[in-house]
Amino acid sequence: VQLQASGGGLVQAGGSLRLSCAASGRPFGSYAVGWFRQVPGKERVFVAAISWTNSSSYYADSVRGRFTIFRDNAKNTVYLQMNRLKPEDTAVYYCTARAGSARSAVPDDYNYWGQGTQVTVSS
C-alpha cells in the first residue's frame, strides 16, 4: 500500500483544515488507518485512527472534539477534518495504515506510512 498525504498548510488559530490520505497499490478497505504528527526533535505521536469497517474511531485526548477522522473506501481515501486549530497543533502530519485493529496509538504497530504534510497554525 502506498499512501499520499495532502491538505496541509498555514492557517490562523481557530481555523480549519482537511487532510487527505490517498492509498494506492491494493484495496484500502481492509486496513485500519491512522494519523500521527511530529514536531522537530520529538517523537511521532498518535492523533486519530479509524477501523476498516468505518465503525470505530479513536482520538488523542488533545484533539478529541475538534478533529474528525472518516474514510471513503470507494475513493481509497481517509480524511482528517481539523477544526478549532491551535498553535500547538503545528506539526508534520503523517497518515499510516495497518492490517489490523485501529485500536493502536503505537507507531511501530503500523506497517505503511505516507510522506508527511506540514500543518502550521499561527497565533
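The values are calculated or read from the model by the stated rules, or taken from the named source; none is laboratory data. Predicted model only: the values in this text are computed from it and were never measured. Neighbour counts are summed over all protein chains in view; Cβ atoms, including those assigned to glycine, are modelled from backbone coordinates with ideal geometry. Just so you know, the surface numbers come from the protein's heavy atoms only, side chains and all, with ligands and any DNA or RNA stripped out. Shrake-Rupley method; radii C 1.70, N 1.55, O 1.52, S 1.80 Å.
General observations
- Taken over the range 32-64, the criterion of being at pLDDT 90 or above and open to solvent by 60 Å² or more (accessible area, probe 1.4 Å) is satisfied by 40, 41, 42, 43, 44, 45, 61, 62, 64.
Condition check ((1) open to solvent by less than 40 Å² (accessible area, probe 1.4 Å); (2) within 16 Å of residue 51 (Cβ to Cβ); (3) of a type in the set (Gly, Ala, Ser); (4) not in a strand (DSSP E or B)) across all residues:
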{"position": "71", "(1), (2), (3), (4)": "yes, yes, no, no"}
{"position": "96", "(1), (2), (3), (4)": "yes, yes, no, no"}
{"position": "104", "(1), (2), (3), (4)": "yes, yes, yes, yes"}
{"position": "120", "(1), (2), (3), (4)": "no, no, no, no"}
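- Taking the criterion of being open to solvent by 30 Å² or more (accessible area, probe 1.4 Å), part of a loop (DSSP other than H, G, I, E, B) and touching a residue at least 40 places away in the same chain (Cβ under 8 Å), the residues of the range 6-31 that qualify are 7, 8, 13, 14, 16, 27.
- Some residue of the range 77-89 being aliphatic (A, V, I, L, M), free of Cβ contacts under 8 Å to residues at least 24 places away in the same chain and not in a loop (DSSP other than H, G, I, E, B): no
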